[in-house]
Amino acid sequence: MTLPSAIRSVHARRVWDSRGRPTVEAEVALHDGSAGSAIVPAGASKGTREALELRDGGDRFGGLDVQCAVAHVNGEIARAVQGLAADDQATLDARLVALDGTPTKARLGANATLAVSMAAAHAAAAAHGVPLYQYLGGADAALLPMPQIQIFGGGAHAGRRVDIQDFMVVCPGAGSFAQALEWTAEVYRHAGLLMRARGALVGVADEGGWWPAFDTNEMALEALVSAIERAGFVPGEQVAIALDIAASDFGRGGRYTLGLERRELDSDGLIELLLRWCERFPIASIEDPLGEDDAPGFTRFTAAVGHRLQVVGDDFLVSSAALVGEAAAAGAANAVLLKPNQRGTLTETLQCWDAARALGYAGIVSARSGETEDTTIVHLAIGWQAGQLKVGSFARGERMAKWNEALRIEERLGARARFAGAAVFGRNGARPPV
Ligand code: 2PG
Ligand code: MG
């Protein structure tokens, strides 16, 4: 007998992301007539241990076409998953992993496998007649995440105009997700006014943050504090700073080059610089403070500040349960960024979050710098009760689609909705900044 939730057909097509690059969309249709679709995002500052995104190479679109990944979905993958129950995600994803047969999804491409993994989850939610966040998290899924929202872009997302990649804000003082967005909207607006008043031409970087026209990295931090104050908020209490240093982009082997300031630093030098910033500025969270290959640096940095702020591994941990286990044993980082395309299936990403949560790590579900209108990650953040969500800035449709989706869910949950609030920074001994 065919289950109603059994997969009837899978179809993929090439669509385009926010950088105008090709990416993979998959549609999964079930025997009961339900269907779901999802689009895979793409990073620019990637960890070397991420699952492999299959690109065609050659001349077209700078070698970035995804016709091979699309063909894999429409051929091999479609045949292999037909008849599987879409609402048995673990079995479906295990089939995708086994079919690929490599440790990094190098054969079929993590973009091919993830598109199907996510589309199947959407189809399963539809078959159960509930929104995806509720399908994933059950009736308890009512925790709205603390948003991390970029105000200035930098690093690989802004032609390396400044070294640091993401200058973001979080709102530990806000009482709801909707209020955190309102506050961030004011900070973003004031940051734009401030740049214009300085004569710094205002455009936006890859994720919608203001283009970083600064002479030093510290000037960006000072401007961010000014924007928070001009918007009428108490820095550190109501609105605090979150940074993604993305240090792997300017350092290897414990040697770091700050291009903007023409400075070479070793691991200890970079740690010292970041610790000074943590003293001077109301910073609540720092992502990838050291390079992905600098585990000892991560341990030293976490020992120095991990009791009072969030230290996040992104390129360092690449959403891997195994790497989180190793990091925890070494006291490196106390939070993990969760990006499904770093692994290539939802199940493996959730395994990372389960492992991290059990070890006392905080979790931040995150978009990539190359995004689309797909809002799956919002449902993951709420359904998995991650507590935090990073999507980029407060501009551009591919970012706003996600913030607006979370707003709709908060409204739909009504009195049941809870906001993660300042408590998210309180795990693992870390406390919110004052
Ligand atoms: C990151 C992300 C989002 P990318 O480093 O956290 O800012 O960037 O998708 O380019 O890796
Ligand atoms: Mg990052």
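In table form, for the structure just shown:
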quantity: Any hit, the stretch 231-243, residues being in the same structural domain as Leu389 (by TED's automatic domain parsing), within 16 Å of ligand 2 (Cβ to nearest atom) and in contact with a Gly (Cβ under 7 Å, 6 or more places away or on another chain); calculated: no
quantity: Where a residue in the stretch 169-194 is within 18 Å of Ala406 (Cβ to Cβ) and its partner, wherever it lies, is modelled with pLDDT of 95 or more and of a type in the set (Ser, Thr, Tyr), with Cβ under 6 Å and at least six apart; calculated: Val169/Thr184
quantity: In the stretch 376-430, the residues that are at positive phi and at pLDDT below 95; calculated: Gly421, Asn428, Gly429
quantity: Criterion violated by Asp354 - all others in (1) open to solvent by 10 Å² or more (accessible area, probe 1.4 Å); (2) within 16 Å of ligand 1 (Cβ to nearest atom) satisfied; calculated: (2)
quantity: Selection count where residues are within 16 Å of ligand 2 (Cβ to nearest atom), in a loop (DSSP other than H, G, I, E, B) and buried (at least 24 other Cβ atoms within 10 Å of the Cβ), scope the stretch 136-179; calculated: 5
quantity: Residue that is nearest to Val170 (Cα to Cα) [pool: residues in the stretch 250-286 that are among the polar types (S, T, N, Q) and touching a residue at least 24 places away in the same chain (Cβ under 8 Å)]; calculated: Ser285
quantity: Total residues in the stretch 357-371, condition of a type outside the set (A, V, I, L, M), crowded, with 21+ Cβ neighbours inside 10 Å and either closer than 18 Å to Ala327 by Cβ or more than 13 Å from ligand 2 (Cβ to nearest atom) (or both); calculated: 5
quantity: Every pair of residues 6+ apart whose Cβ atoms lie under 6 Å, when the first sits in the stretch 217-230 and is buried (at least 21 other Cβ atoms within 10 Å of the Cβ) while the second is part of a helix (DSSP H, G or I) and not aliphatic (A, V, I, L, M); calculated: Ala227/His190
quantity: Count of the stretch 9-63 residues which are of a type in the set (Lys, Arg) and closer than 17 Å to Ile77 by Cβ; calculated: 2
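Listed here are the residues, each with its yes/no results for (1) in contact (Cβ under 8 Å) with a residue 40 or more places away in the chain; (2) of a type in the set (Val, Ile, Thr); (3) surrounded by 20 or more Cβ atoms within 10 Å (Cβ to Cβ).
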| site | (1), (2), (3) |
| --- | --- |
| Val24 | yes, yes, yes |
| Glu27 | yes, no, no |
| Gly36 | yes, no, yes |
| Gly63 | no, no, no |
| Cys68 | yes, no, no |
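The values are calculated or read from the model by the stated rules, or taken from the named source; none is laboratory data. Just so it is clear, the structure is predicted and the values come from calculations on it, not from any experiment. Note that each Cβ is placed from the backbone with ideal geometry, even for glycine, and that neighbours are counted across all protein chains shown. The accessibility values were calculated without ligands, DNA or RNA, using every heavy atom of the protein model including side chains. Shrake-Rupley method; radii C 1.70, N 1.55, O 1.52, S 1.80 Å.
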